[in-house]
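Novice: Handing you this structure, nothing more for now.
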Amino acid sequence: MRPVILSSGTEPIRYGGIEAGGTKVVCLVGSSPDDVVASTRIPTRDPESTLADVLAFFAGAPAPAAVGIASFGPVELRREHPDYGRITASPKPGWRDVDLVGTVRAALDVPVGFDTDVAGAALGEGRWGAARGVDTFVYLTVGTGIGAAAVLDGRLPTGLGHAEMGHISVPRQPGDDFPGRCPFHGDCLEGMAGGPAVADRFGRPAEQLDGEDLRQALEWEAGYLAEGVRTMVYTLSPQRVVVGGGIAMMAGLLPLVRSRLGEAMGGYGALAEHGAEDFVVPAGLGGMAGPAGALVLAERALAAPPAP
Ligand code: ZN
């Protein structure tokens with residue numbers, strides 16, 4: 001697959017970004033979303049041929065100073081762990097134990113940064129998108145799955161791995177007897193508010209709903225997301241919650257989440273800022289958030305390379 005040269009310039013340090021998703025891998029070289037000098041999209045197939053295409057792209061693109069990888073998971077993020085840089089228990093056929101960081105580092109011989117796709121999107125929104133200028137925020141994506149990543153004082157927290165905020169418990173909304181779609185927890189946040197949950201309840205996907213079904217879907221969706229955000233507010237004290245993903249695009253959803261958040265908090269710990277229009281906001285970068293965030297991961301890897 002030949003890279004597409006979009007523009008050429010001089011001077012800024014250019015990084016490589018890889019957003020590895022379940023259906024496609026986006027690769028780019030650039031210094032920011034406004035300075036992308038080469039990019040490509042590769043369909044995600046088996047790991048060998050997919051990664052061969054990724055490496056072929058970089059072989060034909062301007063050399064990056066470092067590469068960042070924002071990957072679907074689960075992934076091993078502990079740098080001291082022997083499996084650091086690998087996809088771990090992925091149900092995606094063939095991808096379990098695939099060594100993303102090692103493969104890219106061996107081929108390109110540059111520092112490689114690594115985190116989840118959701119964390120990458122959070123970094124992208126923080127640098128160039130809807131969380132620009134905010135140090136402590138949550139990026140929440142609501143689509144087929146629900147994921148969220150916290151950036152705290154500008155950093156992605158590290159511990160035993162990555163948070164799984166899409167799987168927190170949420171109180172059942174009044175009148176909703178849907179059992180939930182999460183194969184692990186049933187009625188967790190993703191199980192109740194992910195795209196498949198909406199489609200199963202109403203027999204058609206969210207974007208095809210109208211009339212009373214649409215009104216009810218928005219009501220429940222806003223209720224579950226507000227409960228999820230309440231937990232994030234109480235545990236992480238974010239200055240902002242940026243919401244992306246296909247379901248988040250439902251017209252009128254986010255204003256409803258804002259008002260339901262106030263009700264969910266019941267006046268406890270609620271600040272005027274939590275009800276402001278710039279607290280729960282739509283994502284600013286769309287599909288570019290992840291690849292842009294991968295550039296930030298690359299920049300950070302260059303500044304502080306992970307131990308080999
Ligand atoms: Zn779950």
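The values are calculated or read from the model by the stated rules, or taken from the named source; none is laboratory data. Quick caveat, the model's predicted, so the values are computed rather than measured. Glycine gets a Cβ as well: all are built from the backbone with ideal geometry, and neighbour counts include every protein chain shown. We work out accessible area using only protein heavy atoms, side chains counted, and drop any ligands, DNA or RNA first. Shrake-Rupley method; radii C 1.70, N 1.55, O 1.52, S 1.80 Å.
Novice: If I filter the stretch 152-174 down to residues being touching a helix residue (DSSP H, G or I) at 6+ places or on another chain (Cβ under 8 Å) and among the small types (Gly, Ala, Ser), which single residue comes out as least open to solvent (accessible area, probe 1.4 Å)?
Specialist: Among those residues, the one meeting the criterion is Gly166.
Novice: Quickly run through the stretch 251-261 and pick out the residues that are open to solvent by 10 Å² or more (accessible area, probe 1.4 Å) and either in a helix (DSSP H, G or I) or closer than 19 Å to Ile168 by Cα (or both).
Specialist: Of everything in the stretch 251-261, those that are open to solvent by 10 Å² or more (accessible area, probe 1.4 Å) and either in a helix (DSSP H, G or I) or closer than 19 Å to Ile168 by Cα (or both) turn out to be Leu254, Pro255, Leu256, Arg258, Ser259, Arg260.
Novice: May I pose another question? Looking at the stretch 78-94, which of its residues are touching a residue at least 24 places away in the same chain (Cβ under 8 Å) and either surrounded by 22 or more Cβ atoms within 10 Å (Cβ to Cβ) or outside any loop (DSSP other than H, G, I, E, B) (or both)?
Specialist: Result: Gly85, single match.
Novice: Considering every residue within the stretch 198-216, establish whether at least one is open to solvent by less than 20 Å² (accessible area, probe 1.4 Å) and assigned to a helix (DSSP H, G or I).
Specialist: The answer is yes; a qualifying residue exists.
Novice: With a cut-off of at least 2 residues that are within 14 Å of the ligand (Cβ to nearest atom), name the helices (runs of 4 or more DSSP H) lying wholly within the stretch 97-194.
Specialist: Once the helices (runs of 4 or more DSSP H) in the stretch 97-194 are filtered for at least 2 residues that are within 14 Å of the ligand (Cβ to nearest atom), what remains is 189-193.
Novice: Scan Ala264, Ala289, Ala248 and give me the residue that is surrounded by 13 or more Cβ atoms within 10 Å (Cβ to Cβ), closer than 25 Å to Leu152 by Cα and touching a Ser or Thr at 6+ places or on another chain (Cβ under 8 Å).
Specialist: Answer to the selection: Ala248.
Here is a yes/no grid of residues against (1) touching a Pro at 6+ places or on another chain (Cβ under 7 Å); (2) at pLDDT below 95; (3) on the phi > 0 side of the Ramachandran plot:
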site: Ala193; (1), (2), (3): no, no, no
site: Pro196; (1), (2), (3): no, no, no
site: Leu225; (1), (2), (3): no, no, no
site: Arg240; (1), (2), (3): no, no, no
site: Pro255; (1), (2), (3): no, no, no
site: Ala264; (1), (2), (3): no, no, no
site: Gly267; (1), (2), (3): no, yes, yes
site: Leu285; (1), (2), (3): yes, no, no
site: Met288; (1), (2), (3): yes, no, no
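Novice: Moving to a separate point now. Sort out for me the strands (runs of 3 or more DSSP E) sitting completely within the stretch 10-77 that have 1 or more residues that are assigned by TED's automatic domain parsing to the domain that holds Asp99 and open to solvent by 20 Å² or more (accessible area, probe 1.4 Å).
Specialist: 15-20, 24-32, 35-43
Novice: Checking Arg2 against (1) touching a helix residue (DSSP H, G or I) at 6+ places or on another chain (Cβ under 9 Å); (2) exposed (fewer than 14 other Cβ atoms within 10 Å of the Cβ); (3) at pLDDT 95 or above, which single condition isn't satisfied?
Specialist: Status for Arg2: all satisfied but (3).
Novice: Could you tell me whether any residue of the stretch 227-237 is touching a residue at least 40 places away in the same chain (Cβ under 8 Å), closer than 28 Å to Asp278 by Cβ, open to solvent by less than 10 Å² (accessible area, probe 1.4 Å) and in a loop (DSSP other than H, G, I, E, B)?
Specialist: So far as the stretch 227-237 goes, no, none of its residues is touching a residue at least 40 places away in the same chain (Cβ under 8 Å), closer than 28 Å to Asp278 by Cβ, open to solvent by less than 10 Å² (accessible area, probe 1.4 Å) and in a loop (DSSP other than H, G, I, E, B).
Novice: If you don't mind, there's one more thing I want to ask. For the stretch 262-283, give me the residue count where each residue is in a helix (DSSP H, G or I), charged (D, E, K, R) and over 18 Å from Tyr224 (Cβ atoms).
Specialist: 1
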